[in-house]
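Chemist: Got a structure here, written out as structure tokens. Questions coming.
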Amino acid sequence: MDSTSMFDPELYTGVFKDIGEATTLPAWCYSSQYWFNREKERVFDGAWHFVCLESSLHNGQFVRRDLLGNNILVVRDHDGEVRAFYNSCRHRGAPLTDQDTGRVKALVCPYHKWVYALNGKLIKANGLSSESRMKNACHLDLLEMTVDVVCNLVFVNFSDHPLSLREFLGDYINAVAMPHRIDRMRCIHSRSYTLESNWKLYVEVDMETLHTPCIHSHSIGKQPVEILEGIGEWVGVFNRSPHTPALKPGLRTRGFPHTQGIYGEGKNGTHFCVILPGFFIVTAQDCMWWIQKTPVSENLVAVNVGYCFPEETLQREDFDLVASLYRERWDQVVEEDDWITEYQQKGLNNKVTGLYTEQERVVQMLDQRILHKVLGPDLINMIEADTGSSISHDPDAGTRETQLSSCEG
Ligand code: FES
Ligand SMILES: [Fe+2]
């Protein structure tokens, strides 16, 4: 498939058909560098990217992440403000730190010891001895990027004129984040690594329940889910159950109490959501976890995993003992999904066209949304005219759809 004909909308009409007749994204969408470059420009560059919980940032605390080829630092400065910088010294570009997290009074470049205050101001420039040269260096403060916090979730954005974070998240805030009291969550563990797979394969596996009895036969039981299509840049499913899915089936009555102050649907079950493009976040009645995927290339994905409990749970005497049961389940399921994601990538072949089952409806919805961005609205209009179907994934279109689907998972 060459780079020009790859973006012909005719090739993708199958993704927009009814689920019984629909065909999946072609394999090149998961392996072509041209396709990936277009995704990077149209899907990722304008999106908001999750970094960490605000509650993980005490004064002077930083979190370092590699996002889309950018080495970034999110810091809480001494005035309590959360800031985001490119982790690149203004002298000759060395990173200010290679630690993933830490607490400092100032940011000191290890190379020639230039010193930056936590608000990014250059305060000492070794080698610039004369007052006038130091004066000229005052434009050499750290390069800042757009950062915003909603409901304890810290996001950054690389574009110059982004949509506001609240508009981007749409009704995720009121429908999921607030009822589950994400503001009370504290991260107890976070890790980052890379997998040899396209980023979409991991996002897709998180949102379908057909694989769970196959890949997670020893870790997750059955769980019927309702499909939710939110307003804004997210999709999700809801598992209505009084029991936490964060423990293995035989242990679910041994979980922690519900988070203080949860309300609405937050009390009635667990939301499994993807904040687009690749931030998978699960909010249960008693805990929260995430698996964020950001692409490094067409066949390499950076993964960041985080496990969280509400602050009051951390104070419990039995915390370590009971939390170890959650950790065991979380680690096992993540490892299983890591494995199948890399395994699937090895078999993709441009000559093979796939299909979606009923339990993979959300995968189809995700793929449609990605096509919407990659092909652009004009091309989507052509597909709509061709298939006679109407595609409404524009966050401004604002329709909310809830369907019941009995899935295993
Ligand atoms: S590169 Fe940072 S002080 Fe020289
Ligand atoms: Fe899975």
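The values are calculated or read from the model by the stated rules, or taken from the named source; none is laboratory data. For clarity, every value in this text was computed on a predicted model and none was experimentally measured. Cβ: placed from backbone, ideal geometry, glycine included. Neighbour counts: every protein chain shown.
Chemist: Just one of C109, C151, C89 is more than 16 Å from ligand 2 (Cβ to nearest atom), in contact with a helix residue (DSSP H, G or I) (Cβ under 7 Å, 6 or more places away or on another chain) and at pLDDT 95 or above; which is it?
Modeler: Just a single option satisfies the conditions, and that option is C151.
Chemist: Could you grab me the full set of residues in the range 318-333 that are within 13 Å of ligand 2 (Cβ to nearest atom) and touching a Leu at 6+ places or on another chain (Cβ under 8 Å)?
Modeler: The answer is R329, and nothing else.
Chemist: Ok, one more. Out of all the residues in the range 303-322, is one or more farther than 25 Å from L251 by Cα and either in a helix (DSSP H, G or I) or at pLDDT 95 or above (or both)?
Modeler: Yes, the range 303-322 contains at least one residue that is farther than 25 Å from L251 by Cα and either in a helix (DSSP H, G or I) or at pLDDT 95 or above (or both).
Chemist: Taking the range 213-269, which residues are over 17 Å from W330 (Cβ atoms) and assigned to a strand (DSSP E or B)?
Modeler: Once the filter is applied, which keeps residues that are over 17 Å from W330 (Cβ atoms) and assigned to a strand (DSSP E or B), the range 213-269 yields V225, E226, I227, L228, E229, W234, V235, G236, V237, F238, R240, G269.
Chemist: Take the residues of the range 124-140 that are at pLDDT 90 or above and either surrounded by 16 or more Cβ atoms within 10 Å (Cβ to Cβ) or away from ligand 1 (no atom under 15 Å from the Cβ) (or both): which is nearest to the chain's Cα centre (by Cα)?
Modeler: By that ranking, first place goes to L140.
Chemist: Sort through F85, F50 and tell me the only one that's closer than 17 Å to L165 by Cβ, touching a strand residue (DSSP E or B) at 6+ places or on another chain (Cβ under 9 Å) and not charged (D, E, K, R).
Modeler: Criteria check complete, one pass: F50.
Chemist: Which of (1) in contact (Cβ under 8 Å) with a residue 60 or more places away in the chain; (2) farther than 25 Å from R184 by Cα; (3) buried (at least 16 other Cβ atoms within 10 Å of the Cβ) is the odd one out, the single condition A117 does not satisfy?
Modeler: Here A117 clears every test but (1).
Chemist: Let me ask you something else. Restricting the search to the range 3-14, which residues are surrounded by 16 or more Cβ atoms within 10 Å (Cβ to Cβ) and either among the small types (G, A, S) or modelled with pLDDT of 95 or more (or both)?
Modeler: If the condition is that a residue be surrounded by 16 or more Cβ atoms within 10 Å (Cβ to Cβ) and either among the small types (G, A, S) or modelled with pLDDT of 95 or more (or both), then G14 is the only one that fits.
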